[in-house]
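> My structure is below; once you've seen it, I'll send some questions.
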Amino acid sequence: MKLLAPSILSADLSNLAQQIRLVEMSGADWIHCDIMDGHFVPNITFGPVIVKAARKCTKLPIDVHLMIENPDNYLDDFRNAGADIISVHLEEVVHLNRTLNKIKEIGAKAGVVINPSTSVSALKDIAEYIDLLLIMTVNPGFGGQSFISNSERRIVEAVELRKSLNANFLIEVDGGINKDTIKSVLKAGCDVFVAGSSIFHSDNISAATAELKNLILT
Ligand code: DX5
Ligand code: ZN
């Protein structure tokens, strides 16, 4: 399964419905929402109200990436807003097994995110309980950054960890994914590809979406 998840972080939010329609018509599989609180990361984006607005625009699964402190306090809000997948940062959650159970209890898929400097091996004792592993390929906080070069190795490590545990989580990458970087992460074994600026800051959102989707399917 190879899925494209455009991140609305880089979309024209004053035209959210039209922006989502464009990527949906051109092959998007998920809609990725980057939630930032200005504490866990040095940027502030949006909260459940925008997820709720996105929910009204599409039937696609909404993939919520929580780059916030104390995500446990907001899981219900994002689920009620329409999140289908909720991912929390390993670096931020003390009782991660409990948090993942809570995400599943409220009916969402449970994801764990690791920053570029967090080792894949840190997931050894939680990986069998997750539905999604999001490997950051940039330092979280902003769209439009450059892809971090050791990311392919980390994806390969995640594929090996999944195999060793006979687990079945999806592996997602996020940050600096474009037509030049997507093939190498595909080859490394990635399943879900988040792309923000390479889609929404392109001259033609539909064509950019279709091009990335074709690259992951060929
Ligand atoms: C970083 C964000 C970005 C975003 C994608 O915190 O998570 O990675 O989703 O940004 P681009 O595709 O513009 O690098
Ligand atoms: Zn993200």
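The values are calculated or read from the model by the stated rules, or taken from the named source; none is laboratory data. Not measured: the values here are computed from a predicted model. No Cβ is skipped: glycine too gets one built from the backbone with ideal geometry, and neighbour counts run over all protein chains shown. Ligands, DNA and RNA are excluded from the accessible area calculation, which covers all protein heavy atoms including side chains. Shrake-Rupley method; radii C 1.70, N 1.55, O 1.52, S 1.80 Å.
> How many angstrom lie between the Cα centre of the stretch 75-127 and the Cα centre of the stretch 187-218?
25 Å
> Taking R0 as 22 Å, what's the FRET efficiency between ASN166 and MET1 from their Cβ-Cβ distance, rounded to 0.05?
0.80
> Pairs LYS52/LYS102; LYS59/LYS109; LYS59/LYS104; LYS59/LYS179; LYS104/LYS183: which are spaced more than 24 Å apart, C-alpha to C-alpha?
Checking Cα-Cα distances, LYS59/LYS179; LYS104/LYS183 exceed 24 Å.
> Under the rule of -39500 (n - 2.57) per DSSP H run of 4 or more residues, summed and divided by the residues of the chain, what mean residue ellipticity at 222 nm is obtained, to the nearest 500 deg cm²/dmol?
Per the formula, -10000 deg cm²/dmol.
> Sticking with this one: Write down the accessible area per residue of the stretch 5-111 in Å², having rolled a 1.4 Å probe over the full set of protein chains.
Heavy-atom accessible area per residue stands at 43 Å².
> So, one more: In the calculated pair distance distribution of the chain, what percentage of Cα-Cα distances lie above 31 Å?
Within the chain, distances greater than 31 Å cover 11 percent of Cα pairs.
> Take every Cα pair under 8 Å in the chain that's 6+ residues apart, average their separations, divide by the length, and report that relative contact order as a whole percent. Numbers along the way, then the final one.
Details: 454 pairs, mean separation 49.0, N = 218.
This gives 22 percent for the chain.
> I need the peptides 140-147, 187-194, 62-69 ranked by packing, meaning the mean over residues of other C-beta atoms within 10 angstrom, with the highest value on top.
So the order, starting with the most tightly packed, is 62-69, 187-194, 140-147.
> Taking every DSSP beta bridge that has both residues in the stretch 1-106, what percent is antiparallel when rounded to the nearest 5?
Rounded to the nearest five, the antiparallel share is 10 percent.
> Here's another thing I want to ask about it. May I ask what percent, to the nearest 5, of DSSP beta bridges between residues of the chain are antiparallel?
5 percent
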